[in-house]
Amino acid sequence: MKYLGIESQRPKIGVFDFTGCEGCQLQLANKEETLAAFLSCIDVVCFREISSASGEGFTIALVEGAISREDEVERIRWIREQAEVLVALGSCACFGGVNRLKNDFDLDEANREVYGDQPKPTLPVRAINEVVPVDLEIPGCPVSKAEVERVVQHLIWEVPFRFPAYPVCLECKQRYTVCVFEMGELCLGPITRAGCDAPCPAAGLGCWGCRGPAQETNFEEFLSVARERGFSEDEIVDRLAFFGGFRGIA
Amino acid sequence: MKNLFQPYDVSLESEMLEPLDFNRRSRLKETDRCFKAEILNVIRLTDMEKLFQVRILDESEGERFSFLPGQFVMVEVPGYGEIPISISSSTSRTGYVELCIRRAGIVTGALHRAKRGAHIGIRGPFGTHFPIETMKGYDVLLIAGGLGLAPLRSSIFAVIENRADFENVHILYGTKSPDQLLFDYQYEEWGRIDDIDLQVIVEEPDNEWTGPVGLITKLLDGIEIDPQRTFAIVCGPPVMFKFVCSRLSEQGMPMRRMFISLERRMHCGMGKCCRCNIGSTFTCMEGPVFDYWTVMNLKEAI
Amino acid sequence: MSRQVTVDVRHLTRVEGHGNILVRIKDGKLEEARWDVVETPRFFEVMFKGKDFRSVPLLAARICGICSISHCLTSLAATENAFQLVIPKTAAKVRLLAKHGETLQSHLLHLFFLAMPDFLGVPSVLPLLETNPKAVEIAIRLKGLANRLCEVTAGRTTHPVSLRVGGVTVMPCSDELLDLRGELEHSLDDLAATVDLVKSFELPEFVRETEFVSLKAEDGYPFFGDRVISTDGVECDAANYLEVANEYVDANNTSKWTHLSRGSYVVGALARFNNNHEFLHPEATRVAREMNLEPVCHNPFMCNVAQLVECIHCTHEAMDLIDELIATQPGELTAPVEPKSGQGVGAVEAPRGILFHDYEYNHEGRIVRANCVVPTTQNNANIHRDLSSLVTYFVKQGISDEALELKCSMLVRSYDPCISCSVH
Amino acid sequence: MLFRCLSKEGFRDLVEMTLETIEVVGPKEIGRDKDDNPIHHYLPVSNPDELDFDYATTEYSAKTYFLPFQENLSTYRFDEDDWTQDIRYRIQPRAIIGLHACDINGLLKLDKVFARDFFPSPYYISRRENTFIVGIDHEPCEGGFCRSLGTDTVTHGFDLFLTDLGDRYFVAIGSDRGFGALQKVHAREITDEDTHDYLTERQRLAGLFQAEVPVHDLGTLLDIEFTSEVWEKWGRKCMSCGSCAMVCPTCYCYGVMEKVSMDFERGVKQRQAYSCNLVDFAEVAGGHNFRPDSTTRLKYRYYHQHRGFVEIYDEPKCVGCNRCGRTCLAGISPVEVITDLQMDEQT
Ligand SMILES: Cc1cc2nc3c(=O)[nH]c(=O)nc-3n(C[C@H](O)[C@H](O)[C@H](O)COP(=O)(O)OP(=O)(O)OC[C@H]3O[C@@H](n4cnc5c(N)ncnc54)[C@H](O)[C@@H]3O)c2cc1C
Ligand code: SF4
Ligand code: SF4
Ligand code: SF4
């Protein structure tokens, strides 16, 4: 493609997975209406889940999942060395995701409970950026393919992309969702970064904060809003810890 | 019922309930349509700034396009975005306009990558201008700091090209370091014009720099000002114009004779998006050129 | 014959998760044929502890990104059983519709993206964009429709948002349902084309007798259920799932292994077909016959065909469900929820086979103990055992080394393993 | 202004006839909150029975039918290094039936910005001209302070305006379109009795107002109270979520974004509703933010409503519907903020 007199390149992309559900990778094959165009803009050299081609020389690495075993530490270091741009894909990669809940338990005991007398190697869960430097984080559980597309476009053509600075509430309003607080549900929307188009409140679920905090959060006020409406401390704390995005804030 | 609810087509502008005057009517279609323009030349000024010479492709539109010093256009790179940029060229120059653009983000980045011949869009001109006509017959101080030379340059041309209309003319320009000086190839020309005092100062000189060193206010020390007979245009970052203007007003210059150009975020240029509000004043409509008194009264301006 | 072969596949591609194949033949004798799951363990059963019943289905969904709807539904069933809840009829229908959406999405992903490249001799679906654009278009259309079905019924394709303890929160609007109905009807042509495509695949003629386990059909082809049956004659309540699965830990595997009447058993599309074929939609039965899929089929590669047959079944059943949903007044969508202490087991036929969740709650509605038995966990031992027979069978036929590696990989892929899920 | 009297059946006919030709939008109950209060939205209806005129207020104003949250300003087609711009602002006609006076007043304020100001917006005008508006009188809603702002009544900006007289509607006609529509359903001339009943009803409604906020002089007050503690108090609570601006009938701030299709064959320039309470509202390249904290941002929202707008258009940019107060989770309502400011001035 040529624009403004500049010829653009197809970047070589590698997709890798660590501890997680592989749901974010799956999103890459979703959004069928633009899938063909998406694939024609990039050169997928390495994507174990859908391809046996084991090309090397990727410049952009999309990495899904958290780090929770020694071999994963080595593998992510290797990827970091190869990649010019390392993109953390999804809440597990960005914050540790639900996997982080494991860190609340004693790992030996956990191992005993699941594997009895044949424990398996495991480490406390870490986000990618706790192991190697990350260039870009696309949060979400799962990531929104539309957002991934825009990030990829940004990487190829430097077209505008910014994560919304504002919280989920704005997107709720823009899709005419009745605030779930009105329905007696707890919601992390007022402090969570928008960009997902607020599917959870729209389904009456309330936001669980999978995208982590908005650019600026008024955490104090959020707490008092939640308390005023009768949500217990436990419930609020559980909710904040669910995806691991509010570490250091909550 | 059917004939009651015929779709009403604004672009046909026939049966408007309240007839619009001609001006507005013609604007109706123009406001969001940009003039397609070609980048004729790209001139590298510094590492961060480039000068773009841009020509509106449609000839008759190009001929009708006119502006006043200090006004800006919305420059659009389709697919990338639209940004406000002051016009840097002379108002008497027809055929093309010059835009001096610093690489600051997405759209400016795309412009900096763009090659000669690329097509971009421009809308405008928008905003208020420096009152060059009123300044005729007076002494003129043209002061710029850093990128402030971009919005000031058009006024410099207006003064130079009509030198006889003005009394004493001082052009003062300062930047951080010599490699940030814009339009350095033009100082020679401007300085040679009879009876124009051009002085350039930098804060951090390099080995080759032989000129004065310091803040721009230092240049003011060497200049005799008759406060009652002088107009000043000051362009630059807020700290700079604040210092310069308060210095000048201490010397007795009326605040309404000092003009500055403000910069805010803008998304429309037409007084709609509210992004450029200073307090509740629209920079794009009531500015970007303000006199110093107005600025002092704008809460939140400095 | 003194043939030396080593097949060593680290991190098998085009499957979900990380697994290795290792085959060693020394002096023409099979020394070892292993299927090892090396996925990082995640300890979901531990993470469930202390979680409030409202967050449990959300956590459960995160066990697997491909079958998140099944995990969510199983989790809901377990909780609802523990709380002794009966969900409203409409909610059950919406859930089943979501389930069909997922089955379609998952099976189609497997057939087109994971399995098809092997049969067309390419490393992935990507080159097919140029060489077989028709097939890719069909794949994209069908999968897109399946995803939309999930979105409309569960709020989202991956990690559903509108399924909740007691029922569902959103009734899909009838306009959307009608649209989907039309598109499903339309998609039958694409499915017919897919049948032709799959018919052209050369499925290896390999057979190894084993036991097939699935839920038992009560009033239709089973997706939810309370009873488990097997081709070896086992029949029991799903609540006694521990006696079915008999999980044990293998030293080389982070996934557990299972056995029932024999050393290993199989769950999934083929098992469902073998046990419940008479409940299939007539159109699906016709296609099964056309494709030579006969119960009880012991060729693991025929799982691909069974999946396609199920796609046809689900498409027809989804259309009927939509008709029912549109014809009846929605009424209540959720039953009032009252947390209770107690235990509950949920069993659902996930795309890859029976999925059990078993929770014990305290009176606050927080989990005290959780256990999940996942389809791929149940298949792993069988895959492992299949490998030995497969290698022996093909080596006897004098297969080349590369072809053997491919056959081994294809065998594993035909089970459509969901590995991270099996190492939850 | 012309008036007519329309029977309830006549009104039904009117709605039904309208439905035959164009989309009809009106107040509709979409559910109940946790305390079992009905929640209303302006939504398309398919028959007159779905219109629920017995509503206090809607969660969202009707603004979004004129300034949608997202709107394409222009589209681009890219072709071999060149592009073409395409602008469309034709829309299908629509009727909105059952707007309260405050919402129509809100539209009149938007008219000033988007239809009558120096750069009129063809997108807005197109929507406005293509919308048939039927207003209706109602009892004041709880917390609304429209009377203080003089927006509880409206004299133009609609096609028809109804006042319910029990068995019939007293109809004010605001346009030839409205007149034509009434002719089709045989509305009759008004009688003295109609007028009498109408005036009595108006008087009754006017007597029902409770919330009262002194807003005259607010402009000066705001200037004086520029550094007031009150801003700190409420600003600290603001969660910078922008909900208030989304539901407000008069807030219109926006951002413009461009997006390109995945194959870079098409682009679109989009207007997206924004709010001056959002953190990056006034952030410029290089990261400088002219309004870095929520206190400043909240303050300037009030400045725009009650001072800036007054300077330009001689009236405040607020109709007193209190939608912003109701939607704000932090409980920031204009009544309280303004009262606080007034108290602050007195002490
Ligand atoms: C009246 C006026 C005249 C200007 N004249 C010049 C000039 O002559 N030369 C020059 O180099 N720069 C000028 N600027 C600044 C220039 O507009 C910004 O540098 C430019 O908008 C940055 O855009 P970007 O897309 O590269 O940056 P990004 O940070 O990617 O900006 C994204 C968006 O934010 C908005 N934005 C960001 N920064 C600004 C800003 N400072 N002002 C307004 N909107 C902004 C724009 O809408 C832009 O599209 C002027 C600004 C104003 C208001
Ligand atoms: S539902 Fe949540 S995200 Fe939406 S408006 Fe309410 S608090 Fe904000
Ligand atoms: S609403 Fe919240 S939990 Fe749901 S997708 Fe958005 S950020 Fe994640
Ligand atoms: S009360 Fe609030 S929502 Fe209503 S018009 Fe005024 S500022 Fe807007």
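The values are calculated or read from the model by the stated rules, or taken from the named source; none is laboratory data. A quick note: this is a predicted structure, and the numbers were derived from the prediction, not measured. For neighbour counting, all protein chains shown are included, and Cβ atoms are generated from backbone atoms with ideal geometry for every residue, glycine included.
Residue-level analysis places A:Glu137 outside the set of residues that are assigned by TED's automatic domain parsing to the domain that holds A:Ser91 and in a helix (DSSP H, G or I).
In summary, A:Asn99 fulfils each of the numbered conditions (1) assigned to a helix (DSSP H, G or I); (2) more than 8 Å from every other protein chain (Cβ to nearest Cβ) with the single exception of condition (2). Residue check: is D:Glu315 within 16 Å of ligand 4 (Cβ to nearest atom), of a type in the set (Asp, Glu), surrounded by fewer than 21 Cβ atoms within 10 Å (Cβ to Cβ) and in a loop (DSSP other than H, G, I, E, B)? In short, yes. Inside region B:133-170, residues that are more than 25 Å from B:Pro84 (Cα to Cα) and either within 16 Å of ligand 2 (Cβ to nearest atom) or not in a helix (DSSP H, G or I) (or both) make up a count of 12.
What do you reckon, is D:Cys324 in a helix (DSSP H, G or I), within 16 Å of ligand 2 (Cβ to nearest atom), closer than 30 Å to A:Ala226 by Cβ and touching a Pro at 6+ places or on another chain (Cβ under 8 Å)?
The answer is yes for D:Cys324.
Could you tell me whether region D:100-122 includes any residue that is part of a loop (DSSP other than H, G, I, E, B), away from chain A (no Cβ under 14 Å), among the aliphatic types (A, V, I, L, M) and free of Cβ contacts under 8 Å to residues at least 24 places away in the same chain? Looking through region D:100-122, at least one residue is part of a loop (DSSP other than H, G, I, E, B), away from chain A (no Cβ under 14 Å), among the aliphatic types (A, V, I, L, M) and free of Cβ contacts under 8 Å to residues at least 24 places away in the same chain.
For region A:188-199, a residue qualifies if it is in a helix (DSSP H, G or I) and either within 11 Å of chain D (Cβ to nearest Cβ) or within 16 Å of ligand 4 (Cβ to nearest atom) (or both), and the qualifying residues are A:Gly189, A:Pro190, A:Ile191.
Matching residues to (1) within 22 Å of the chain's Cα centre (by Cα); (2) in a helix (DSSP H, G or I); (3) among the polar types (S, T, N, Q):
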| position | (1), (2), (3) |
| --- | --- |
| C:Arg141 | yes, yes, no |
| C:Thr158 | yes, no, yes |
| C:Met171 | no, no, no |
| C:Asp179 | no, yes, no |
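Here the condition is being within 11 Å of ligand 2 (Cβ to nearest atom), outside the structural domain of A:Lys145 (by TED's automatic domain parsing) and more than 23 Å from C:Gly50 (Cα to Cα); of A:Gly189, A:Gly195, A:Gly206, it holds for A:Gly189 alone.
Is it fair to say D:Ser46 is more than 9 Å from every other protein chain (Cβ to nearest Cβ) and of a type outside the set (Asp, Glu)? In short, yes.
When D:Pro44, D:Pro38 are checked against the criterion of being outside the structural domain of D:Cys324 (by TED's automatic domain parsing), surrounded by fewer than 21 Cβ atoms within 10 Å (Cβ to Cβ) and over 18 Å from the mean Cα position of the chain (by Cα), a single residue qualifies: D:Pro38.
Out of everything in region C:173-191 that is surrounded by 13 or more Cβ atoms within 10 Å (Cβ to Cβ) and of a type outside the set (D, E, K, R), what residue ends up being nearest to C:Phe112 (Cα to Cα)? Out of the qualifying residues, it is C:Leu191. Among the residues of region D:237-253, those that are in a helix (DSSP H, G or I) and at the interface with chain A (Cβ under 7 Å from one of its Cβ atoms) comprise D:Ser243, D:Met246, D:Val247. Do we find a residue being over 26 Å from C:Cys314 (Cα atoms), assigned to a helix (DSSP H, G or I) and of a type in the set (D, E, K, R) anywhere in region C:43-64? Yes, region C:43-64 contains at least one residue that is over 26 Å from C:Cys314 (Cα atoms), assigned to a helix (DSSP H, G or I) and of a type in the set (D, E, K, R). Checking each residue in region B:108-151 for being among the hydroxyl-bearing types (Ser, Thr, Tyr), closer than 30 Å to B:Asp165 by Cβ and within 12 Å of ligand 1 (Cβ to nearest atom) picks out only B:Thr128. Restricted to strands (runs of 3 or more DSSP E) entirely inside region A:1-93, those with at least 2 residues that are among the hydrophobic types (A, V, I, L, M, F, W, C) and away from chain C (no Cβ under 12 Å) are A:60-64, A:85-89. Might you let me know whether region D:242-255 holds any residue that is β-branched (Val, Ile, Thr) and within 16 Å of ligand 2 (Cβ to nearest atom)? The answer is yes, given that some residue of region D:242-255 is β-branched (Val, Ile, Thr) and within 16 Å of ligand 2 (Cβ to nearest atom).
Every residue, every condition in (1) out of contact with any Cys (no Cβ under 8 Å at 6 or more places or on another chain); (2) more than 10 Å from chain D (Cβ to nearest Cβ); (3) part of a loop (DSSP other than H, G, I, E, B), yes or no:
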position	(1), (2), (3)
A:His154	yes, yes, no
A:Pro160	yes, no, yes
A:Pro164	yes, no, yes
A:Cys169	no, no, no
A:Leu186	yes, yes, yes
A:Pro201	no, yes, no
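Has region D:259-273 got at least one residue that is within 16 Å of ligand 2 (Cβ to nearest atom) and touching a strand residue (DSSP E or B) at 6+ places or on another chain (Cβ under 7 Å)? Yes, because at least one residue in region D:259-273 is within 16 Å of ligand 2 (Cβ to nearest atom) and touching a strand residue (DSSP E or B) at 6+ places or on another chain (Cβ under 7 Å). Taken over region A:86-117, residues that are over 25 Å from C:Lys51 (Cβ atoms) and crowded, with 16+ Cβ neighbours inside 10 Å amount to 4. Pairs meeting the criteria (first residue in region B:112-127 and more than 8 Å from chain A (Cβ to nearest Cβ) and part of a loop (DSSP other than H, G, I, E, B), second residue crowded, with 20+ Cβ neighbours inside 10 Å and among the small types (Gly, Ala, Ser), beta carbons under 7 Å, at least 6 apart or on different chains) are B:Gly127/B:Gly287. Listed by first and then second residue, the pairs linking a residue in region C:317-346 that is closer than 24 Å to C:Gln84 by Cβ to a residue that is outside any helix (DSSP H, G or I) and polar (S, T, N, Q), with Cβ atoms under 6 Å apart and 6 or more places separating them unless they lie on different chains, are C:Ser341/C:Asn362.
Looking at this structure, is D:Gly308 away from ligand 1 (no atom under 16 Å from the Cβ), at pLDDT 90 or above, out of contact with any Cys (no Cβ under 8 Å at 6 or more places or on another chain) and not charged (D, E, K, R)? In short, no.
If the condition is being more than 8 Å from every other protein chain (Cβ to nearest Cβ) and in contact with a Leu (Cβ under 8 Å, 6 or more places away or on another chain), then region B:45-83 contributes B:Leu45, B:Thr46, B:Glu49, B:Lys50, B:Leu51, B:Phe52, B:Gln53, B:Val54, B:Arg55, B:Val73, B:Val75.
So, B:Gly105, is that one over 20 Å from D:Arg77 (Cα atoms), in the same structural domain as B:Asp47 (by TED's automatic domain parsing), surrounded by fewer than 23 Cβ atoms within 10 Å (Cβ to Cβ) and within 11 Å of ligand 1 (Cβ to nearest atom) or not? Here the answer is yes, as B:Gly105 does meet what is asked. Just one of (1) within 16 Å of ligand 2 (Cβ to nearest atom); (2) buried (at least 16 other Cβ atoms within 10 Å of the Cβ); (3) within 13 Å of chain D (Cβ to nearest Cβ) fails for A:Arg175. It is (2).
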